[in-house]
Amino acid sequence: MKKAEITYGLTIGIHVIIGILIYFNESLAKLYFFGAVCVFGFRIIVSKPNDKTYEILKTAAYFVGAEVLLRTTKGAISYEAGKYVVILLMTIGMFYKGISGKAYPYILYILMMVPSIFVASTTLSFDANFRTNIAFVLSGPVCLGIAALFLYNKAITRQKLDNVILMIGLPIITHTTYILFYNPTVKAVLSGTESNRSASGGWGANQVSCILGLGMLIFAIRFFKNSPNLNLKLLNAFLFSVISYRALVTFSRGGVLTAILSIAAFLAIYFAFTTSKKRNEIIIGGLLFGFITFGVWTYSSMQTDGLLDLRYENRDHLGREKEDVTTGRLTLFLEEMEGFIHNPFFGIGSSRAKDERVEIEGQGTTSHNEMSRTLAEHGFFGIIMILVLIFKPIWFRSLNKKNVYFYAFLGFWFATINHSSMRIAAPAFVYALALLNVVNEKSFIYRQQPRLQTSEPQLQQ
C-alpha cells in the first residue's frame, strides 16, 4: 500500500475517532473547534507567500464542512461562526493576495445589500432585535460576496483543488460518525414521513441533509476521480454509502436531491472532457456506482419500514398523498413575492419577511428560498444581485473551461438556496469555488537572464 493511501486512511480514521469522542463528551466539540482554529491558523501564518491562498482555502473548507456539527454540539463560539470564519479568512486572503480587477460585480453585489438595512431600520417591529435579525439574514449573502470577491480567477492546480474539496469532506465524516452513535437504530425514532430531527443527530434535518448531501457529492467525486486503485475505490464507495444512508433517513429530501443533481452535473462534464480510456473507466465505475446507490436506497427503505419510499412519493405514513409537495415552502415563496410586488424598488427591508410572520402568525418561519427573499427584502437591488450571481460565473466559464466541477458547484449552490436558503456557509463557499481558475501543474523551468546582468540561468516557477 502506498504512503498516500495510508495517510488518507489514517486521516479518515482520525476523523471517525473525533466523532466518537464528541458523541461521548460534547464539551470536546469546543476543544475541536479551537484546536482546528489554532492548527489551521498556524499553518496560514508560517506558509510561504505563494501558498497563502491554498492554506486559507483549506482552512475555510474545513470549517464549512464542520459548521453543522459544531452547531449541533454547540462547539463554536456562535451560531453563525462558520460564516464568520469564512468571511474572516477571505478578508485575510485579500490582504495577502488582493483581488482580481474583473471581480468588481461582486463589490456591486455587496453594496446592493446596504439599502435594505436602512429600510429595515424603519420597517422592523419594535420587539425585533435589529442587529441579530440583520446579521442572521445577511451573513450568508455577505459570506458569498466576500468569498467570490477573493476567489474570482485565483489560480489553483487540479490536485490542490481536490485537496480543498476533501477538506470539506473530512469533518462531514466526523459528523456522520456522531449521528450514527446518536441514533444507531432509525426505526426507534420514526413515527411518520416528516423530516426527522432525532435521525439527524438532534439538529434540524434540513441543515443536516444539506451538509450530508455535500458529503455525498464529495465522495462520489473521489470515487470516480481520485480512486486510482481498488482499495481507494472501495473506501470511497463505503464513505459515500454511509453518508448517503444517513442523509436519506433524515427524511429531508432537499439535500439528497441536490446531491443527485450535482453528481449528475459533475459526471456529465467529466465524461465529456476526458480521454476515451477514462470514459471506459467512468462507464464501468458508473455501473458499480449505480449498484451501490440502489443498495443504499434498498437498505434505507428496509430500515424505515418503507416510510422512506412514501416520503419521496409525497405521501404520509398511511399512504395518503399530501396536498403540498413543497411542505409549506410554496406558501412562503408566494408571500415573499407579494412583498416584492408591493415594494418593488427598495423592498421591505432585511429580515422583514420573517418579522411579518411573527406579527401575523406569532412565529417567525425563516425563508427557504433565497431568490424570493432577496427580491422581497431588496426590491430592484435584489434583481441586480441575482443577475450578478447567475451571469458572472457563466461569463467566467465561457473564458475558462478547465474547472470540471464548475456546474456541479453552481448546481449545488442554486439547488440549495432554493430549498434551504443560506442557513449554512456551504452554498456560499461552494459557489465561490466555481470561480477558481484551474491550471495545470507547473514544472520548474530555466530561463536565461540578459547578459548585462549575469550569464547564469535563473530558476523560476
Checked against a 19 Å limit on the C-alpha separation, the offending pairs among Lys225/Lys402; Lys97/Lys401; Lys30/Lys83; Lys233/Lys402; Lys160/Lys402 are Lys97/Lys401; Lys233/Lys402
Given the candidates Cys143, Ile211, Gln159, the one whose Cα lies deepest towards the positive end of the charge dipole of the range 116-213, counting +1 at each Lys or Arg C-beta and -1 at each Asp or Glu C-beta, is Gln159
Per the rule of 0.36 nm per residue minus the C-alpha distance, extending Tyr182 to Glu321 adds in nm 46.9 nm
By accessible area (1.4 Å), largest first, Val142, Val325 order as Val325, Val142
Expected field for Tyr79, accessible surface area in Å² at 1.4 Å probe radius, rounded to 10, holds 100 Å²
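Under the 0.36 nm per residue contour assumption, what length would be gained going from the current alpha-carbon distance of Phe238 and Leu108 to full extension?
Length gained, Phe238 through Leu108: 42.4 nm.
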If R0 = 25 Å, then Asn437 and Leu387, at their Cβ-Cβ distance, give a FRET efficiency to the nearest 0.05 of 0.65
Taking r as the C-beta separation of Asn400 and Leu257 and R0 as 25 Å, the FRET efficiency to the nearest 0.05 is 0.30
Measuring from its Cα centre, the chain shows a charge dipole (+1 at each Lys and Arg Cβ, -1 at each Asp and Glu Cβ) which, in debye to the nearest 20, is 2060 debye
The long-range amide H neighbours of Ser252, using H built 1.01 Å from N in the peptide plane and a cut-off of under 5 Å, are Asn196
With label points set 7 Å from each Cα along the Cα-to-Cβ direction at Thr298 and Ala4, the distance between them in nm comes to 3.4 nm
Dipole check, the chain, charges on Cβ (K,R +1; D,E -1), about Cα centroid: among Tyr32, Phe251, Thr298 the Cα furthest to the positive pole belongs to Tyr32
Using eta = 1.002 mPa s and T = 20 °C, Stokes-Einstein with Kirkwood Rh from Cα pairs puts D for the chain, in µm² s⁻¹, at 92 µm²/s
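What percentage of the solvent-accessible surface of the chain, computed with a 1.4 Å probe over protein heavy atoms, is contributed by carbon and sulfur atoms?
For the chain, the apolar C and S fraction of the accessible surface comes to 65 percent.
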Taking the alpha-carbon centre of each part, the distance from the range 45-77 to the range 80-131 in Å is 19 Å
Of the DSSP H helices in the chain, the ones reaching 30 Å or more along their long axis in Cα terms and averaging at least 0.0 in Kyte-Doolittle hydropathy are 3-24, 52-72, 130-151, 158-182, 276-303
If exposed means GluC sites (Glu not before Pro) lying in a DSSP loop and surrounded by at most 16 other beta carbons within 10 Å, then the longest stretch of the chain lacking such sites spans residues 27-193
The long-range amide H neighbours of Arg315, using H built 1.01 Å from N in the peptide plane and a cut-off of under 5 Å, are Lys322
Magnitude of the Cβ-charge dipole (Lys and Arg +1, Asp and Glu -1) of the range 160-309 about the Cα centre, nearest 20 debye, reported as 440 debye
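So what is the relative contact order for the chain, in percent, with contacts set as C-alpha pairs under 8 Å and at least six apart?
21 percent
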Computed over the chain, protein heavy atoms only, probe 1.4 angstrom, the accessible area per residue in square angstrom equals 47 Å²
Taking Trp413, Trp297 and ranking on accessible area (1.4 Å, protein atoms only), highest first, one gets Trp297, Trp413
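The values are calculated or read from the model by the stated rules, or taken from the named source; none is laboratory data. Note that the coordinates shown come from a computational prediction; the quantities given were computed from them, not determined experimentally. FYI the Cβ positions are ideal-geometry reconstructions off the backbone, even for glycines, and counts take in every protein chain you see. Ligands, DNA and RNA are stripped out before the accessible areas are found, and what is left, the full protein with its side chains, is counted by its heavy atoms. Shrake-Rupley method; radii C 1.70, N 1.55, O 1.52, S 1.80 Å.
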